Amino acid sequence: MRDTVRNIFKKCIPLCRAALGGTLRLRSGQAHECVRPYAFFACLILLGALVACSKPPQPETTETPQPTGLESIPAPDSSMYPNFSDLTAWKNPYLVVREDGIGFVDLSNREIHLLTQEEIPAELVALPSSAWPYGRVVLVAQAVPKNPSEQTKADLRKNRALLLGTLKELDVQVREAP
């Protein structure tokens, strides 16, 4: 290994000298004239000009948040949340993740309206500002599946992930139900 490294350095040093305008001694003892310094520096200047004329990297564009319709709802105030021992006292929107969709709990009569993922933003935006006494936060619970198969569990995880993504896009915080 050590001899290989020495051989590489023995070959590189004469080549570097030759590149700077010297002569290269061949094994046969003949001197071979190499690149002159002016040609070497002309190549460096050309390379520098090409780099200088290249297009600079584009700065990252920051996305402006799209209006969601919920901007008038204030930020959440956790000091106003009720204790979790009494979930019936929750007054903000309440969503239940189910294997067949998302249940929207009507707090006036405790009915659950089944929604698709696409209907959630419109349903939340349609609520009056009085439906958001704690600010822009919703309570999310997960229903216990009737048939706890692997497919049902996968559907629950998928619906939950889609719901949380939708709520994040809407800039709505999530409070997890125990």
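Just so you know, all these numbers are worked out from the coordinates, no wet-lab data involved. Remember, predicted model here, so these are calculated numbers, not experimental data. Neighbour counts run over all protein chains shown; Cβ positions are idealised from the backbone, glycine included.
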Please report, in debye to the nearest 20, how large the charge dipole of the range 125-174 is about its Cα centre when each Lys and Arg carries +1 at its beta carbon and each Asp and Glu carries -1 there. 140
Suppose R0 equals 22 Å; then what is the FRET efficiency for A161 and E118 from their Cβ-Cβ distance, rounded to the nearest 0.05? 0.90
Residues of the range 154-171 with the amide nitrogen closer than 13 Å to a label point 7 Å from the Cα of L70, along Cα-to-Cβ, please. 163-171
What is the P(r) of the range 95-178, as percent of Cα-Cα pairs per 5 Å bin from 0? 3, 14, 25, 28, 17, 8, 3, 1
What FRET efficiency would be calculated for the residue pair S78, A52, taking the C-beta separation as r and a Förster radius of 41 Å, to the nearest 0.05? 0.15
Using alpha carbons only, how many angstrom separate the centre of the range 132-176 from the centre of the range 78-116? 11
Under 5 Å between amide hydrogens, which residues at least 5 positions from Q142 or on another chain qualify, with H placed 1.01 Å from N in the peptide plane? V97
Fraction of beta bridges assigned by DSSP in the range 80-178 that are antiparallel (%, nearest 5): 55
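Could you tell me which of rounded, prolate or oblate describes the range 138-178, using a ≥ b ≥ c as the square roots of the eigenvalues of the alpha-carbon gyration tensor, with rounded for a/c under 1.5 and, failing that, prolate when a/b is larger than b/c and oblate otherwise?
Oblate, because a/c is 1.5 or more while a/b does not exceed b/c.
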